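Encoded as structure tokens, the structure appears first; notes follow it.
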Amino acid sequence: MTTITNRYPGTCINCDVRVESGGGVTAKRNGRWVVWCAEHDPNRPVEFVLPAVQTVAVAGTNAERLMPHQAAVVAAVQSGSRALYLADEPGLGKTATSLVSAAAAGAQRTLVVVPAVVKTNWAREVEMWTPGRETLVLDGRKSTPIPREAEVVIVNYDILGAHLDAILAWRPDSLVVDEAHYVKDRKAARTQAVEKIATAVGSGFKTYLSGTPIPNRPIELAAPLGHLGLIDSLGGFWAFAKRYAGAVQTKYGWDMNGATNLGELNEKLLRVGMVRRRKSEVTDLPERTVVDLPVSLSGEGARDVKAAQAALVKRLVAAIKDQAKNDGVRARDIDFDLVRRIVGRELSGSVGFTEISHLRKLLGLGKVDLVVAQAESLLTSGPVVVFAHHREVVEGIAAALCAAGHPVGTILGGQNPDARQRTIDGFQGGDLDVIVASIEASGVGITLHRASQVVLGELPWTAAGQDQAIDRVHRIGQDEPVTAWRVIASSTLDKKLADTVAAKAGIAAAVIDGEDRAQAQGQSLSVLIAEVVARSMKVEIPGHELAA
């Protein structure tokens, strides 16, 4: 007799193994999954298809207020799904979907793991979508027993380890992991803590949420998929790493930083339980446009950036020449492969990281006046949201706009959650005309859609960070076209960083959205800097004409 250990996510699926059982057709996959199929066709792969519904009803919730694309996920849970990676684009209401889905699964004790900056907002959402539930928000690192009557517990990643024993003793039967790309590193303490909880939840409801599940490369999906039990359907961790992350063993260990067979990975992810919808598919949101605004630095800022860039190139050239000498390579025989290898090594070390970080800060500070000018020109037609990376840059932009007479609010890391929420409410309510925000502190879990104009004063390291920032404005409830202005300093590292962001966007689009972009195999920042160094040394770059 076949024992059903877990329903395969969704309805209307196809089986890869045909087994007759109790009047239905079931299939056992990889020795673990047993599923019910509406039909069987040996020529079709196993598929995951969301039910086509407009509304759902779930006792004790406001499920009737969900949009159809949200209701479809809840309906899948009602039909038996218990493990989902909800990867809808930012702004499509994953928070509400996950909370109602947990209720639909019959969860009695739901643990929600989130970034610290959104704990207050999650508590609001719990009350909004599942009113009356006993909710506990954990703060600080001092752990105490969790009351058994608590129905929802919200904890941030930073303190999860300190409360892990208390959480396990509470015995959650449902797990929601927000911004699941935070657990992309299998060796990180927070990833291992979340994995322990996922294991404890067992066959209970588990959903991981991220609108940007691959910030950089496919291997970042392996840990979350493993927690959900979905990676088994992709052959297990090592098969995944070799097939989709181009895993190869080097003398330094395994290199899993590749991106291979991306179209195939996209198809398989959607079959095994990843849900991905784009705004253009499920809402009538107006368009989102990203516009690059090239600017020229001047004065002291320009001199500082130029000096820092020159110092970086000089050090890298010296490192390359030293390595060539050690290898017995004559100066005239240095090739781009050697340049690329040494630049990559130097930039991955602590000294290189410090140099790049310092240069990025100088670029940000050098652009403050230019960013302020762009924001002021946009303020003539409505409210504006400005993003930057460094605290000093955020504070400089905010101070200049305030001095010009504009009501300004700031969102920074380390801010009190309640004060942060008051700033957001003030902007959304019309008391503030401008929000100047740290990309890291405000890239998730907040809504700023009163504005339709965004200024990116500094670029984040990844395309995911850029999209998360813009999607604070471009989300459900927005009724104006959204324009994001990327202020990029010409002839500087800024342009190289913009190119790197585009490359990472290509990889993510190929895996998550199935897009075939030329940039999917784009170059890293270290390779782009290696090209700059090679040109300074007059080393030929494959595919490029040698600089005169």
Among the hydroxyl-bearing types (S, T, Y) and touching a residue at least 24 places away in the same chain (Cβ under 8 Å), is that true of T410?
yes
Residue check for L92: out of contact with any Cys (no Cβ under 6 Å at 6 or more places or on another chain), crowded, with 23+ Cβ neighbours inside 10 Å and part of a loop (DSSP other than H, G, I, E, B):
yes
Select from segment 45-75 the residues that are part of a helix (DSSP H, G or I) and either acidic (D, E) or at pLDDT below 90 (or both) and list them in ascending order.
E64
If A308 satisfies every condition in (1) surrounded by 14 or more Cβ atoms within 10 Å (Cβ to Cβ); (2) over 30 Å from L362 (Cβ atoms) but one, which is the exception?
(2)
Give the residue that is nearest to the chain's Cα centre (by Cα), with candidates limited to residues of segment 108-121 that are surrounded by fewer than 23 Cβ atoms within 10 Å (Cβ to Cβ) and under 23 Å from V58 (Cα atoms).
N121
One residue from A150, A102, A87, A107 being touching a Ser or Thr at 6+ places or on another chain (Cβ under 8 Å), under 30 Å from E287 (Cβ atoms) and small (G, A, S)
A87
When (1) part of a helix (DSSP H, G or I); (2) modelled with pLDDT under 90 are applied to I541, the one that fails is (1)
Scan the strands (runs of 3 or more DSSP E) fully inside segment 199-292 and keep the ones with 1 or more residues being touching a strand residue (DSSP E or B) at 6+ places or on another chain (Cβ under 9 Å), outside the structural domain of T462 (by TED's automatic domain parsing) and touching a residue at least 12 places away in the same chain (Cβ under 8 Å).
205-209, 253-255
Check on I167, of a type in the set (A, V, I, L, M) and part of a helix (DSSP H, G or I):
yes
Return yes when V201 is touching a helix residue (DSSP H, G or I) at 6+ places or on another chain (Cβ under 8 Å) and surrounded by 15 or more Cβ atoms within 10 Å (Cβ to Cβ) and no when it is not.
no
Identify, from the list E195, E220, E179, the residue that is charged (D, E, K, R) and at positive phi.
E179
A careful count of residues in segment 407-443 that are out of contact with any Leu (no Cβ under 8 Å at 6 or more places or on another chain), assigned to a loop (DSSP other than H, G, I, E, B) and surrounded by fewer than 23 Cβ atoms within 10 Å (Cβ to Cβ) gives 9
Return the total of residues in segment 348-380 being touching a residue at least 60 places away in the same chain (Cβ under 8 Å), closer than 21 Å to G405 by Cα and touching a strand residue (DSSP E or B) at 6+ places or on another chain (Cβ under 8 Å).
6
Subset of segment 467-504, residues more than 20 Å from I529 (Cβ to Cβ) and either basic (K, R) or assigned to a helix (DSSP H, G or I) (or both), comes to D467, Q468, A469, I470, R472, R475
Over segment 448-466, the set of residues out of contact with any strand residue (DSSP E or B) (no Cβ under 8 Å at 6 or more places or on another chain), more than 24 Å from D425 (Cβ to Cβ) and part of a loop (DSSP other than H, G, I, E, B) is P460, W461, T462
Filtering segment 123-144 for residues that are under 22 Å from G60 (Cβ atoms) and touching a helix residue (DSSP H, G or I) at 6+ places or on another chain (Cβ under 7 Å) leaves a count of 7
Checking the structure you have, find out if any residue of segment 130-142 is within 19 Å of S210 (Cα to Cα), assigned by TED's automatic domain parsing to the domain that holds G204 and under 26 Å from the mean Cα position of the chain (by Cα).
no
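The values are calculated or read from the model by the stated rules, or taken from the named source; none is laboratory data. Just so it is clear, the structure is predicted and the values come from calculations on it, not from any experiment. Ideal geometry is used to build each Cβ from the backbone, glycine not excepted, and the neighbour counts take in all protein chains shown.
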